[in-house]
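Beneath this line is the structure, given in structure tokens, with notes to follow.
The values are calculated or read from the model by the stated rules, or taken from the named source; none is laboratory data. Just so it is clear, the structure is predicted and the values come from calculations on it, not from any experiment. Glycine gets a Cβ as well: all are built from the backbone with ideal geometry, and neighbour counts include every protein chain shown.
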Amino acid sequence: MLWFNQTTFRGTFSEAPWAALESCVEETATLILMNDRTARMRMCEQTRRPSGNPDEASCRALIKLWEQKQPRVTSVGHRFERLLGFFGLGAPLDEAHAAQLAEINALRNCLMHRRGIVDEKAVREAPSLAPRLNQPIAISRADFLAYHKVVGDYAVLLMGRVTVSNYCT
């Protein structure tokens, strides 16, 4: 078992692959809203917000408001798919993949916000972390590589969906 402290993870595990994936989803949605008036108007209608300027900040705020008005979902992967689904880019997410994404996100949050200790919130988000409750995060090389693969595979799937969509010209 390899031990990585919070500083190590900031550069390798938590920020790099997870930030890339989260950014990919958020940037895709933001760019679509900035460039597709119909999608923007539909999201404005669902949030009961008047259509404003299609600049980046306004579109990001609209997405945040839209997400706040949605029913709670079981995992971050399901949240991604729901947002992508609004634009016709979503796909069913199997529970195993959803659980893996939830675990990665929960570990990232523990590293960034909870001094690298698995807490009860992380266990609620990713029940697979229950045996590690109140323990410092330790990740084997195999787990580390598996997490990178899950994130990378999901990002490739998303990019594949985008490139065959009406949004890619």
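Inside segment 91-129, can you point out the residues that are small (G, A, S), surrounded by fewer than 19 Cβ atoms within 10 Å (Cβ to Cβ) and in contact (Cβ under 8 Å) with a residue 60 or more places away in the chain?
Within segment 91-129, just A91 meets the criteria.
Scan segment 41-91 for residues that are among the charged types (D, E, K, R), over 15 Å from the mean Cα position of the chain (by Cα) and under 28 Å from V151 (Cα atoms) and report the count.
Summing the residues that are among the charged types (D, E, K, R), over 15 Å from the mean Cα position of the chain (by Cα) and under 28 Å from V151 (Cα atoms) in segment 41-91 gives 2.
What pairs come out if I take residues in segment 130-155 that are at positive phi and pair them with residues that are aliphatic (A, V, I, L, M) and surrounded by 13 or more Cβ atoms within 10 Å (Cβ to Cβ) whose C-beta lies under 8 Å away, six or more apart or interchain?
Correct list of pairs: N134/I117; N134/V118.
Identify, please: which residue in segment 160-169 is in a helix (DSSP H, G or I) and surrounded by 13 or more Cβ atoms within 10 Å (Cβ to Cβ) and is, among those, modelled with the lowest pLDDT?
For segment 160-169, the residue satisfying everything is V162.
In segment 134-149, which residue that is among the charged types (D, E, K, R) and within 22 Å of the chain's Cα centre (by Cα) is modelled with the highest pLDDT?
Among them, the one singled out is K149.
Is it the case, given these coordinates, that K69 is out of contact with any Phe, Trp or Tyr (no Cβ under 8 Å at 6 or more places or on another chain) and closer than 18 Å to A29 by Cα?
yes
I'd like the full set of residues that are in contact with a Leu (Cβ under 7 Å, 6 or more places away or on another chain) and part of a helix (DSSP H, G or I), limited to segment 130-157.
If the condition is that a residue be in contact with a Leu (Cβ under 7 Å, 6 or more places away or on another chain) and part of a helix (DSSP H, G or I), then R141, V150, V151, Y154, A155 are the ones that fit.
Please give the helices (runs of 4 or more DSSP H) falling wholly within segment 61-129 in which 2 or more residues are farther than 30 Å from N166 by Cα.
Result: 95-113, 120-125.
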